[in-house]
Structure formats: structure tokens, C-alpha cells
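The values are calculated or read from the model by the stated rules, or taken from the named source; none is laboratory data. If you're wondering where the values come from, they're calculated on a predicted model, not measured in any experiment. All Cβ positions, even for glycine, are placed from backbone atoms using ideal geometry, and neighbour counts span all protein chains on display. Accessible surface is based on the protein model in full, side chains and every heavy atom, while ligands, DNA and RNA are left aside. Shrake-Rupley method; radii C 1.70, N 1.55, O 1.52, S 1.80 Å.
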Amino acid sequence: MKQSQLFTKTRKEAPADETSKNAILLMRAGYIAKEMAGAYSYLPLGIRVVEKIKQIVREEMNAVDGQELIMTTLQRKELWEKTGRWDDSVVDVWFKSALKAGGEVGFGWSHEEPIGEMMKNYISSYKDLPISVYQFQTKLRNEMRAKSGIMRGREFIMKDMYSFSADETSHLAYYESVKPAYMKVFNRLGIGEDTFVTFAAGGAFTKFSHEFQTICDAGEDVTYLNKEKGIAINSEVLNDDTLKSLGVTRDELTETKTAEVGNIFNFGQQKAEDLGLMMKDANGENVPVWMGSYGIGVTRLMGVLVEKFADEKGIVWPESIAPFKVHLVGLNSDDAEVKDFTDGIYLSLKEKGVEVLYDDRDLRAGEKFADSDLLGIPYRVIVSKKSKEEGKFEVIARATGKVRLLTEEELYADFDNNENT
Ligand code: ATP
Ligand code: MG
């Protein structure tokens, strides 16, 4: 993509009404635009990052036999009344509206109830199970505070997965298999070492649910961590009882600011019982289905990655989800020969399948470099009159600042082969 054709522009100044680092940097760089507090539009650069995060999540959910679907945002009041979750005093984030034809609707903040209801059409016997389904969906939540940029949206993208199992053994086995699947996602995003399976407030069936908490100063949660023992406890369940049951003492734990990037819930048979989602078991008896739910905050993750990796110059994307791999910065573009030469390198990189953003704008070098730092693309390749004459190109790694001088051949070989970069 040519930067001259990108309608978004970088901005030097932080937007006046924004205090969160992730939103400020993402807005300045042109990844997102703010509609109102907690509501952001994702622009061409931003969409590329979102889609890459989604693809990583998708691959790992497929690997645990998840089947992708998309459910509607509009939800029926009657359904949520069955489980006692329509009331605003029970669920405090509902957005609700009314149908012109009469009757209320809710905007989906989660989908356990509708998916459970829908599954009645497909599940009648233990032989129909196990089933696991997931979606990437725009959730709407009337969050009281929305001061963390895209880490807490009133509208945000979540991956939510739901499992349906025939008995406790297979249900628990599936639940446990999602933990390493989630850790694979976080490893691929470069935050695996800082992300911990955390004991948190439970569902109906179990004492605890499991959150995935990532160390992050901008996070809204407080987690008590013991890295050696691999134990993490959300402050909301830190008490004598919890410590005892997990075999740790308070002084072995370090208080740490974290962001919840995922959460998994074990409902046992309770949710299906409330909804009337029944199956015939092996003895021919009618019993409720075993259910679990598994969330990942896709856009929150994008914010966490900005918060964790950005430096004083701007965003630093992990390579796995960067909008482009290479930022090709053309200098001396007022010289037609240099411009032609740089165009040629752009086309060759593109032909080799390298994702490249080409800064072909007629600006001073300093401005281009500042923009490049702000955008955070992993490798900056500089093409100038000098590099054309000498046949050597500077390649600068955004994360480390490491500079290498490569010939044109080496350049192509390098970006053909991920391991060299
Ligand atoms: P929180 O305690 O941060 O409000 P939650 O417990 O309400 O989160 P879940 O309902 O379990 O979150 O949603 C699944 C995942 O969706 C969370 O782990 C988080 O990563 C993400 N998420 C939740 N609320 C938001 C939000 N308002 N904006 C962006 N992501 C969110
Ligand atoms: Mg919440």
C-alpha cells in the first residue's frame, strides 16, 4: 500500500479529550478514530491489526475443534428473563431498545443465552455432542467508565466460544484444553510470558472461574502473583479461604497491575437447566447439557499490545500482528530516477508477497522517520539517492533499533525468510 493513498494522516498532538496511552497513540497514528468515549472506529491500518489478531485466535480455536459462526446483536428479553439476567440490577451493562412493532430488545453484551437456546435445534442426544462454537462479535456494553481507550469500549470485538458436552469428564477435559489453546494465542502475540491463568470469581458450578491476566500498568485489575509457583489470584477473590485452598501464603504473592485479556467459565449443567437445553443421556434419561463459555477481548488485546510495547517515539507492533511487515521509506523522491528506483523496490517486495507500506510522500526525511516510529511497523527499509548509488539499504528493526546494511538481493532474501529478520 502506498502511504500517499492512505486517507488517514498522522497527528503530532494528542487528542484533547483522550487520556489513555493506547487510544492516544492509535489515534495519532491513524489506526482508530474516536466517535465518543468508549466508541472507536477502526480505520484501514487498524483493521489490518484487528484481522491479524482475529486470525491467530481463529486458528487456535479451530485447533480445539471450535466451529465459527456469527450470532445476531439483537436479543430477546424473554430469553434472558429465563436465566434471571434481563434485569438491570443483575446485569448493569445492558443497552436496551424497543421494537416499533412492540416489545423490548437487548443489544448483545454476551451470548450464552441465545446460543443455548439456538442449540436446542441441534442437540437432542448425547450422541450429538461434543460441540464447540465461537464467533467474533461486536459486543455492546453500557460501561460506567470508559477511560482506558480501546481496552474498555462500550462497543468492542470479543471472541466468545461456547462448549456443549455430554458428561462431566468430557466437559472438564474440554475446559482444560482451552487453557493451553489460549496461552498459544498469547504466546503468538508476544505476551505469553506476562500472561497468567488467574483464579477469579466463579460461575454457578465452580468456586473459581479462570481469567487470563496480562501484566500491564494500564490494566484495571489487580492480580496477586507468584511466578515460580505459577499461581495468580485476582484481588476480588483474595482471602484466607482462597490462599488456603491454593496452598500459598499472602507474603509469597506480589501485587501486580494487570489487564484481563480472556476469561473462561464452567457452568456445569446449571445454564442449560435454566434454559431448558436438554439431551437424552446414555441411559435414555433427559438431562441438561454441560456448558462452558470462553471469552477473549480482541480489541482489548490490541490496546494491551500498544500499552506494553510502545516507546517514547510511538507504537511497536509484534511482528505477528503488525499491519505491515516492512515500512519502505523513500527519500530524495524529488529526484525522478531515485523515485523510479524506489517504486521498483516496492513492486519487487510486493511481488515476493511481503506486506509493505510504502512512504512515497514528498516530505522531509525527519518527518517520514517520525511517522514511521509512530506507526510501529517492525522493519523500516530506507531507500535514498545514496543507497541507490551504493547498492546498500538500511534496514532498521523498530523494536530494538538494530540497523543492518543489506544489498538489494539480501533484502529480498531476508524478507522471504522470516528466520533471518
Ligand atoms: P471486565 O472485568 O474487564 O469488565 P468482564 O469480566 O466483564 O471484563 P467478560 O464478560 O468475561 O469480561 O468478557 C470476555 C473478555 O472480553 C474479557 O476477558 C475482556 O478481555 C473483554 N472485555 C470485556 N469487557 C470489555 C470492554 N468493555 N471493552 C473491551 N474488551 C472487553
Ligand atoms: Mg465487565
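Output yes when any residue across the stretch 202-214 is buried (at least 21 other Cβ atoms within 10 Å of the Cβ), more than 30 Å from Asp167 (Cβ to Cβ) and touching an Asp or Glu at 6+ places or on another chain (Cβ under 8 Å), and no when none is.
yes
Only residues in the stretch 25-44 that are on the phi > 0 side of the Ramachandran plot and open to solvent by less than 40 Å² (accessible area, probe 1.4 Å) count as the first member; pair them with residues that are hydrophobic (A, V, I, L, M, F, W, C) and within 16 Å of ligand 1 (Cβ to nearest atom), Cβ under 6 angstrom, at least 6 apart or cross-chain, and list the lot.
Gly38/Ala146
Could you check the stretch 138-164 and list, in sequence order, the residues that are in a strand (DSSP E or B) and either open to solvent by 10 Å² or more (accessible area, probe 1.4 Å) or more than 11 Å from ligand 1 (Cβ to nearest atom) (or both)?
Thr138, Leu140, Glu155, Phe156, Ile157, Met158, Tyr162, Ser163, Phe164, listed by residue number.
Answer yes if at least one residue in the stretch 327-334 is under 23 Å from the mean Cα position of the chain (by Cα), open to solvent by less than 50 Å² (accessible area, probe 1.4 Å), β-branched (Val, Ile, Thr) and under 18 Å from Val395 (Cα atoms), and no otherwise.
no
If Glu389 meets every condition in (1) more than 23 Å from Gly46 (Cα to Cα); (2) open to solvent by less than 10 Å² (accessible area, probe 1.4 Å) apart from one, which number is that one?
Among (1) more than 23 Å from Gly46 (Cα to Cα); (2) open to solvent by less than 10 Å² (accessible area, probe 1.4 Å), the lone unmet condition for Glu389 is (2).
Just checking, which of Ile47, Ile115, Ile123, Ile53 is free of Cβ contacts under 8 Å to residues at least 12 places away in the same chain, more than 16 Å from ligand 2 (Cβ to nearest atom) and open to solvent by less than 80 Å² (accessible area, probe 1.4 Å)? Break it down into steps so the answer makes sense when it comes.
Details: Ile115 fails: free of Cβ contacts under 8 Å to residues at least 12 places away in the same chain; Ile123 fails: free of Cβ contacts under 8 Å to residues at least 12 places away in the same chain; Ile53 fails: free of Cβ contacts under 8 Å to residues at least 12 places away in the same chain.
Of Ile47, Ile115, Ile123, Ile53, the one residue that is free of Cβ contacts under 8 Å to residues at least 12 places away in the same chain, more than 16 Å from ligand 2 (Cβ to nearest atom) and open to solvent by less than 80 Å² (accessible area, probe 1.4 Å) is Ile47.
Taking Lys271 as meeting all but one of (1) farther than 18 Å from His210 by Cα; (2) of a type outside the set (S, T, N, Q); (3) in a helix (DSSP H, G or I); (4) open to solvent by 10 Å² or more (accessible area, probe 1.4 Å), write down the number of the exception.
Only one criterion in (1) farther than 18 Å from His210 by Cα; (2) of a type outside the set (S, T, N, Q); (3) in a helix (DSSP H, G or I); (4) open to solvent by 10 Å² or more (accessible area, probe 1.4 Å) is unmet by Lys271, namely (1).
Determine whether Leu411 is in contact (Cβ under 8 Å) with a residue 24 or more places away in the chain, touching a strand residue (DSSP E or B) at 6+ places or on another chain (Cβ under 6 Å), more than 26 Å from Tyr31 (Cα to Cα) and not assigned by TED's automatic domain parsing to the domain that holds Phe7.
Judged against the criteria, Leu411 is a match.
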